[in-house]
Amino acid sequence: MRFTFTSKASAFLLTSLLSLSASATIETIEPGTPFQDLEPSRNHSLTSQQIMQNLLRNHYAHQRLDDKMSSKVLDILLEDIDSTRSYFLASDVQEFEKYRKELDDALARSDMSPGFLIFNRFQQRVSERLSFLLTELKANAKDYKFDQDESLELDREEAQWATSQSELNELWRKRLKNSMLNLKLAGKEKDNIIELLTKRYQNQLNRVHQSKPEDAYQTFMNAVTRSFDPHTQYFSPRNTENFNINMSLSLQGIGAVLQTEDEHTKVVRLVPAGPADKAGNLEPADKIVGVGQNADGEIVDVIGWRLDEVVDLIRGTKGTTVRLEILPSSGNGSESKVISIVRDEVKLEEQSAQKDIIELQDGDPANPTIRKVGVIDIPTFYIDFQGRMENKPDYRSTTRDVAKLIQELKLEGVEGLIIDLRNNGGGSLEEAIHLTGLFIPTGPVVQVRSIRGHVEVLKDQDPGVLYDGPITVLVNRLSASASEIFAGAIQDYGRGIVVGGQTFGKGTVQSLRRLHHGQLKITQAKFYRVSGDSTQHQGVIPDILFPSLFDKDKIGESALDEALAWDTIRPAEHQKSGEVNRLVPSLRHKHQQRIADNPDFQFMRAQKALITELRDKTQVSLNEKVRQEEREANDDRRLALENTRRKAKGLELLDSLEDDEEEDNKQSGDDKKSTDKADNKQASTSNGKDEAASEDKANSDAEEEKDDEEEDAVLVEAGQILLDYIQMSNPKQNAAVAQRLN
């Protein structure tokens, strides 16, 4: 069996309900046109048989096709297609209740008619809502007033289903008014607003009526596969490329992985060292609502567009600029902003491991000792498979590159190492094992449990240890898969201290299976640490937790419905040092004392509180004055937080948030590395092959950039913890080192 080790949890990709070829001519549909019901084909019945056989026999979860599964599939299907309870009527949902204990029987017969009935009804309701919006825009929108005391509830996950068309009409009238107000606050005139929204809703209506039977089938079958776990998915032949999260959605233009969520295009993750990652203005869970070309091109509204159509707009020639209108994940979804990213290719050397040295003050503040700590930043776990197959002596891999960097850092006299795995979504399992082997003698690194219960222990076979000095592993919420295996092994062996944020929690293994019609990605194994703890769902919990701006309800395995649970198996035999565990309470205490008055950590805590407050505010006013006052008040609070931090650090204060956004080198959060950090490290770690003049210039440029760049507060604190560890674990040696440095 060949497993595919995904580099990051592949969040469920809802089939685009509007699956029309981007190059096809789209017929203009008149509002009020009934939706023509779709019918399943024989291919769908044959494929369903194969899918169900694979799921019931080969899925890790060992579920049964029974009434319990039937009920779960119905709930997932309704959640997938109408999560905001804004289209279906209560009477529709009541009608679907007859299938609650019958979908299992239908699946056993390969009868797709219940799933198609629900899909067809949904498309009809979508068509009705879009027709209402188009009619409202034409008849009444010009008379909308924005000085009334009205509000719109944004969070409708637990709302009651509407009992009548008039109740839905009122909801959608408020939604339309909110869309118009957002555009008005963005500076658009009413006539332009009506024109833009009319075009948006007409395009959506046209696409609804171009839906194909394959769209209905894929939507229904993915509700079935998701009842097993969120990483098990069906891909139709036509949509396999569009919905393969590991390949086609890694955009050549900006380096981002996208998915469809309701009518929006959502960012799943950023490719390490890609254009978006470097720009630092796009984050996971942000939603793209508009795309513009170059510095002054018109922003094209892409709400309701197919995923591949949005991708086509974002891609472009290297060196050109694409502007994205986004709904930031840090807000409540009511305010957008426009960002710019320069298209580029992701270069292998920029994704490779890089080194740096940070100099930290230690001892008496009046007469501090300067201590050098090495940093190795690993954006992903990579290997040049082709080079290895061709027996090239210089083929690249994470382990090979890191080994070279460690040797260089030893020569430069560092006292310890920080392995920076922030935002590292994983990659090669083999490299995670080999990298661990640089720091431990031969022994188990990870355990893999199959669907039959067999546990395979994957070991580092090399008895040598390249580096036996003190290490700290720095992680965050976007550290996943292979990163979690490495961090977990270092923690389990007591080989070093893990600090930062709780990791993603992706601990399952998927394989791809060909079907009569399409393919199935199915979960067939689970990862366990040498301690016996699974990395699934829980991830790796650091020895010392840092504040985090990531929303665990939106990002991480625990945020995915039907994610497999955390559990344990028997530990693998391994030699563990008790030194780290013994020192963690003292290290944690010193850390808390240090960050209590640290301006950057105070800023992170205050920023987290503000973001949480704004996210929890699920009702927005439809009164323009109130909305404007709220927006200005929020901007003032953000500016005050930033200036409080700046004042404490002796930095120049800002007059507005726009000034803050222009400072690309600002570094103050745990969830984002400096956009120039990789470049600085490249410039300061020359391999000696360049000419002396070029090397001197590169180092000079790097030093100038460092003077202008704020330090990475989280990285510095990780270094301080490492120095504490050195002091506590060997105080005599530490004193000798300090005396030598002085």
Odd one out for Leu134 among (1) open to solvent by 30 Å² or more (accessible area, probe 1.4 Å); (2) more than 20 Å from Ser70 (Cβ to Cβ): (1)
Among residues of segment 317-329, those that are on the phi < 0 side of the Ramachandran plot and open to solvent by 10 Å² or more (accessible area, probe 1.4 Å), counted: 9
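Can you tell me which of Gln148, Gln50 is touching a residue at least 24 places away in the same chain (Cβ under 8 Å), touching a His at 6+ places or on another chain (Cβ under 8 Å), more than 22 Å from Asn203 (Cβ to Cβ) and open to solvent by 50 Å² or more (accessible area, probe 1.4 Å)?
Only one candidate qualifies: Gln50.
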Subset of segment 369-387 [surrounded by 13 or more Cβ atoms within 10 Å (Cβ to Cβ) and either in contact with a Cys (Cβ under 8 Å, 6 or more places away or on another chain) or not in a strand (DSSP E or B) (or both)]: Ile378, Pro379, Thr380, Tyr382, Asp384, Gly387
Flag for Asn222 being open to solvent by 20 Å² or more (accessible area, probe 1.4 Å), within 29 Å of Glu97 (Cβ to Cβ) and in contact (Cβ under 8 Å) with a residue 12 or more places away in the chain: no
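The rows are residues; the columns are (1) open to solvent by less than 10 Å² (accessible area, probe 1.4 Å); (2) at pLDDT 85 or above; (3) touching a helix residue (DSSP H, G or I) at 6+ places or on another chain (Cβ under 7 Å); (4) among the small types (Gly, Ala, Ser).
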site	(1), (2), (3), (4)
Asp229	yes, yes, no, no
Asn242	no, no, yes, no
Glu263	no, no, no, no
Val271	no, no, yes, no
Whichever residue in segment 173-205 is surrounded by fewer than 17 Cβ atoms within 10 Å (Cβ to Cβ) and polar (S, T, N, Q) and, among such residues, is nearest to the chain's Cα centre (by Cα): Thr198
Residue within segment 520-529 that is charged (D, E, K, R) and closer than 20 Å to Val498 by Cα present: yes
Pairs where the first residue, in segment 399-422, is within 17 Å of Ile433 (Cα to Cα) and free of Cβ contacts under 8 Å to residues at least 40 places away in the same chain and the second is assigned to a helix (DSSP H, G or I) and not basic (Lys, Arg), C-beta under 6 Å, 6+ apart: Thr399/Glu431; Thr399/His434; Thr399/Leu435
Residue in segment 334-346 that is at pLDDT 85 or above, of a type in the set (D, E, K, R), farther than 19 Å from Leu282 by Cα and open to solvent by 50 Å² or more (accessible area, probe 1.4 Å) present: no
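If only one of Asp296, Asp312 is open to solvent by 10 Å² or more (accessible area, probe 1.4 Å), in a loop (DSSP other than H, G, I, E, B) and modelled with pLDDT of 80 or more, which one is it? Don't jump to the end; show me each part of the working.
Working: Asp312 fails: in a loop (DSSP other than H, G, I, E, B).
Only one candidate qualifies: Asp296.
The values are calculated or read from the model by the stated rules, or taken from the named source; none is laboratory data. The structure displayed is predicted, hence computed values, not measured ones. Neighbour counts run over all protein chains shown; Cβ positions are idealised from the backbone, glycine included. Accessible surface areas use protein heavy atoms only, side chains included; no ligands, DNA or RNA. Shrake-Rupley method; radii C 1.70, N 1.55, O 1.52, S 1.80 Å.
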